[in-house]
Each structure stands twice: as structure tokens, then as C-alpha cells.
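Participant: Before I ask anything, let me first share the structure, which is written out below as C-alpha cells.
The values are calculated or read from the model by the stated rules, or taken from the named source; none is laboratory data. In this text, all values refer to a predicted model and were calculated from it rather than measured experimentally. So basically every Cβ, Gly included, is an ideal-geometry build from the backbone, and we count neighbours across all protein chains shown. Only protein heavy atoms, including side chains, enter the accessible area calculation; ligands, DNA and RNA are left aside. Shrake-Rupley method; radii C 1.70, N 1.55, O 1.52, S 1.80 Å.
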Amino acid sequence: MALGNFSGVTEFILLGFSDTRELQVLFFTLFLLAYVMVLLGNLLIIVTVSTDPKLSSPMYILLCNLSFLDICSTSVISPRMLVDLLTQRKSIAFEDCIAQIFFLHFVGASEMFLLTVMAYDRYAAICKPLHYTTIMNRQVCWALVSACWAGGFLHSLVHTVLIIQLPFCGPNTIDSYFCDVPLVVPLACTDLYLTEWLMASNSGLISLVCFLVLIASYIFILVTIRVRYTQGCGKALSTCGSHVVAVTLFFAPCIFIYLQPSSASPSNKHICMIYTIFSPMMNPLIYTLRNQEVKTSMWKLWKRCRV
């Protein structure tokens, strides 16, 4: 039985960014450029790490998985958004909307967990250097990566199950460019108090806890560097600072949007652009430009491709 048969609503209308044709063309150009940059930047990291045997440590395995998740997360939203910017009536079928929510939260939660694991990996490498090969060998690394994907799947499954059981019989207009839990749930024709708080706890608390763990790990790293090492402290501070900026751009909008009941949350579509479009575009720059090994491998790959 189709999902739409459980409610009177068979599609949702997305209002997008603007009804002005000129602005739509401008947004299409900007978002297409951003999407291409996300694909090229993250694919370059995946190919570089996969083809260079020297980049086989847990840190690079995690970086490769982060790039793959960035491609997936932006691909859940960007292609349809780009098509909608060129059409007058921006509608999405009920089933497609639910599928978009599922994959968005599946990939998004998996990336949150993975960023937390990446911070733990750096903590183990810097603060526990003598035990690092035991704490974070390849087997442990792949087990943690699998746990990130499994956690993301369970997180998204909870949201999806709760949403498909809601009755939708009235308004079907979404003031955004994609389907998401805080945008779809308030449209249901039932008492949403318990459902909203369950979903806020699910997404909001996960975002907040992961972010706090990340910040704590970077604080431990900086304290350890300051106490143990006299050289390289400035470089480490700069690198950790750029990483904190990257994770803050990803987590802060999620915490703001999801750590509150859906009925109390406005559209926030411009805030959503930060973690759905710009954060996946910035990650390749932040996590590779300060890594000499990755830059050297990219240069070798470039020279091999030119031959």
C-alpha cells in the first residue's frame, strides 16, 4: 500500500526561495556551482585516499567516509532543489517527501557520529600516542564507521516510523526547498505534543551531545599540546580552530532547529542552507588544505593523470 493512502494528502507544495524568476535563476546558478564543488572536492579526496597506500591510517579512512557522506547528504537535496528552481509548481509526492526525510536524517546523523569519531581519533593520536595503534587500529576504525552508519539508520528509522503514522488531511504547503521533520510534522491533523518532543529529543539531543563531545575532545587536545610540546602549538591551535569552525557550522544550525518542538520552529530555510549546502562544500577545504600528506598525494595523482 502506498504511503499516501494513509492520509488525504498525496503531495506537498514546496515554496522554495522566491517566486521572482530572476532570483530563481540566480539561486540556480549559485547552488549548481556549490553542488559541483561539493562533488568534485569530495570525490577528489575519495580518489586520493583510495589510490595512495600511504593514506591508509584510520584518520584517512574516516576522512574518506566523511567525504562520501558529504556527497550523499547534498545529493539528497540539491538535485531536486535545482530542478524546482526552474519550474513554476514545486511539488513533491508524499512518498518522495518521506524518502527525502529518511535519507537526509540517515546521512546527517551518520555524519554527526563520524565527526565525533574523527575527534576521538585525533584525541587518541595526540593525547595517547603510545597506545594509539591499539586504541585506533584499522579493525577498530571500521567497526566505529559501521556503528556510525547503524546509528544513523536507527535514528532516521525512528523519525520515519513516527511520521508515516501521522494523518495528513489539511494544509500541504511547506515553506522551504526540501522536506524535513520540523516542516512536515506540524501539518498533521492530530495532537502533536508527544510526537514533537520525541522527535526534538531524537534529533536535538543527538546534535547537542555530539557537539559537546567534539568540543571537549578539542579542548583536551589543545591542553595536551600546550603542556607536552613547546613547538607546533601555534599550528595545532590553527588546525583545531579551523576544525571547530567546521563542526560549529554543521552542528549549530542543527541544534537550533531540532532542539525545539516543530510547532515552535519557523521555516529557517536560510539557516538550513548552512548545513545542507555550504558545510559539505567547506569540509574538503578545511580538512585537506592543512594536511601536507593529502596535498602531496593529490599532486602525485595530478601528475599521474597528466601522463
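Participant: Mean residue ellipticity at 222 nm from the helices of the chain, using -39,500 (n - 2.57) per DSSP H segment of n ≥ 4 over the full residue count, to the nearest 500 deg cm²/dmol? Could you put the intermediate results ahead of the total?
Facilitator: Details: 11 runs with 219 residues, N = 307.
So the helix-based figure for the chain works out to -24500 deg cm²/dmol.
Participant: What does the charge add up to near Thr276, with Lys and Arg as +1, Asp and Glu as -1, over the other residues with Cβ less than 15 Å from its Cβ?
Facilitator: Working: positive: Arg80, Lys269; negative: Asp70, Asp84, Glu111, Asp180.
Result for the local shell: -2.
Participant: Would you mind getting the accessible area per residue of the chain, heavy atoms of the protein chains only, 1.4 Å probe, in Å²? Kindly include the intermediate steps, with their values, before the conclusion.
Facilitator: Details: 14780 Å² over 307 residues.
With all protein chains present, the chain gives 48 Å² per residue.
Participant: Under unit Cβ charges (Lys, Arg +1; Asp, Glu -1), what dipole magnitude, rounded to 20 debye, does the chain have relative to its Cα centre? Before the final figure, lay out the partial values.
Facilitator: Numbers: 18 positive and 15 negative charges, 337 e Å.
My answer is approximately 1620 debye.
Participant: Moving to a separate point now. Please give the helix 138-164 orientation as an angle from the longest Cα principal axis of the chain, in degrees from 0 to 90, rounded to the nearest 10.
Facilitator: Computed tilt is about 10 degrees.
Participant: Restricting to Cα pairs below 8 Å that are 6+ residues apart, what does the relative contact order work out to for the chain? Please round to a whole percent. Mind dumping the intermediate values first?
Facilitator: Working: 375 pairs, mean separation 80.1, N = 307.
Dividing the mean separation by the residue count of the chain yields 26 percent.
Participant: Let me ask you something else. Within the chain, what whole-number % of the accessible surface is contributed by carbon and sulfur, with the 1.4 Å probe and all protein chains included in the calculation? Display every interim value, and only then the final one.
Facilitator: Numbers: 10320 of 14780 Å².
It is 70 percent, rounded to a whole number.
Participant: So which trypsin sites (Lys or Arg not before Pro) in the stretch 77-153 pass both tests, a DSSP loop state and at most 11 other Cβ atoms within 10 Å of the Cβ? Could you put the intermediate results ahead of the total?
Facilitator: Values: sites: Arg80, Arg89, Lys90, Arg122, Arg138; in loops: Arg89, Lys90.
Answer by residue number: Arg89.
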